[in-house]
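The block underneath contains the structure these notes are about, expressed in structure tokens.
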Amino acid sequence: ARGGPFRIRRVYLNATGEKREDDACIEYNNLLCLAGWEVPMARRLAAHLSQWKWDEVVLNGFASGVGLEAILQSFDQCQAVRRQRPSYLVDLDAVRRAGVGYTSMIGQSTRQNVRQNCRLYQTRGELVANPARTAEEALTFLEELIELHQRSWNLRGKPGAFASKRFTEFHRALIGCTFDSGGSQVLRVSAGDVIGLLYMFMYRGKAYFYQSGVHYDSDKRLSPGIVTMACAVDYCLSSGLREADFLASDAQYKKSLSTGCRTLEWAILQRP
């Protein structure tokens with residue numbers, strides 16, 4: 001990479017250092033080792049890298065905790081530049097224990113907004129959230145999501161996440177590899193016509209909301225993104241999942257639709 005007039009040699013842990021448009025955006029990164037082995041693992045990693053020529057070690061999307069702290073301690077000769085981002089979530093088990101429904105667990109203004117939007121959409125048809133039933137259907141839903149996502153971002157003068165052919169092909173392949181084993185899902189929310197689609201990763205009882213595409217209507221009272229997210233949370237709730245994670249972002253709509261938050265870290269370890 002370049003930093004002003006200088007070439008900077010970077011090492012990425014569990015990531016590739018691809019260009020921004022091709023980046024798969026790793027989150028919940030960590031040391032891949034058995035619990036309790038983080039410190040010796042981090043020390044061995046530092047010893048291994050001491051034989052290389054590099055200027056920076058890049059730790060993208062790291063979960064806060066013992067793994068990250070072990071790495072920071074093992075590279076204590078480096079200056080650590082750290083940046084934290086919130087990852088908002090809905091604790092579905094807590095919603096079940098409360099017994100009052102998801103929307104009753106969020107703030108009053110957001111709750112009113114969700115319910116008002118649902119009523120408006122229901123005048124057009126039944127409000128339904130349909131998960132893909134097969135890998136082929138998931139890929140069909142993904143193409144619809146891509147079209148809506150790209151259209152909305154292009155209208156704002158932005159390229160959109162799926163402008164990269166490599167990025168798009170990666171996710172087509174990922175769904176093809178993981179859908180049948182329950183590792184991915186694409187949800188289509190509609191009321192007569194499509195409202196929005198949400199692409200999710202599924203892992204150990206949790207849903208991770210990765211990317212979306214929504215249909216913006218001429219009726220400015222409607223918030224298709226809010227409705228799509230809320231319906232997706234209800235789908236996760238009815239599916240018996242433990243948590244719906246909106247992934248790293250400080251976007252206000254994620255904050256307002258969440259019931260909790262944790263922190264992810266992006267850190268650069270700079271060699272003297």
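We did not get these values from a lab; they are worked out from the coordinates using the rules stated. Model, not experiment: these values are computed from the prediction. Cβ: placed from backbone, ideal geometry, glycine included. Neighbour counts: every protein chain shown.
Across segment 227-243, coupling constants 3J(HN,Hα) worked out from phi with the 6.51/-1.76/1.60 Karplus curve, θ = phi - 60°, read 5, 4, 5, 5, 5, 5, 4, 4, 4, 5, 5, 6, 8, x, 6, 8, 7 Hz, and Gly and Pro carry x. The chymotrypsin sites (Phe, Trp or Tyr not before Pro) of segment 1-104 that DSSP puts in a loop, and whose beta carbon has at most 12 other beta carbons within 10 Å, are Trp52. The loop-placed chymotrypsin sites (Phe, Trp or Tyr not before Pro) in segment 161-266, going by DSSP, include none that has at most 12 neighbouring Cβ atoms within 10 Å of its Cβ. Summed over qualifying helices (DSSP H, 4 residues or more, each -39500 (n - 2.57)) and divided by its residue number, the chain shows a 222 nm mean residue ellipticity of -11500 deg cm²/dmol. Listed by chain and number, the lysines whose C-alpha is less than 18 Å from the C-alpha of Lys53, apart from same-chain residues fewer than 8 away, amount to an empty set. Taking one quarter of the surface of the C-alpha convex hull of segment 137-272 gives a mean projected area of 11.1 nm². If the Kirkwood radius is taken over C-alpha pairs of the chain, then at 20 °C and 1.002 mPa s the Stokes-Einstein diffusion coefficient equals 104 µm²/s. Computed over segment 49-176, relative contact order equals 11 percent, with contacts defined as Cα pairs under 8 Å that lie 6+ residues apart.
Within a straight-line Cα-Cα reach of under 29 Å, Lys255 can be paired with the following lysines, leaving aside sequence neighbours fewer than 8 residues apart in one chain: Lys19, Lys158, Lys206, Lys220.
When the inverse distances between all different Cα atoms of segment 103-179 are averaged and flipped, the Kirkwood radius reads 15.2 angstrom.
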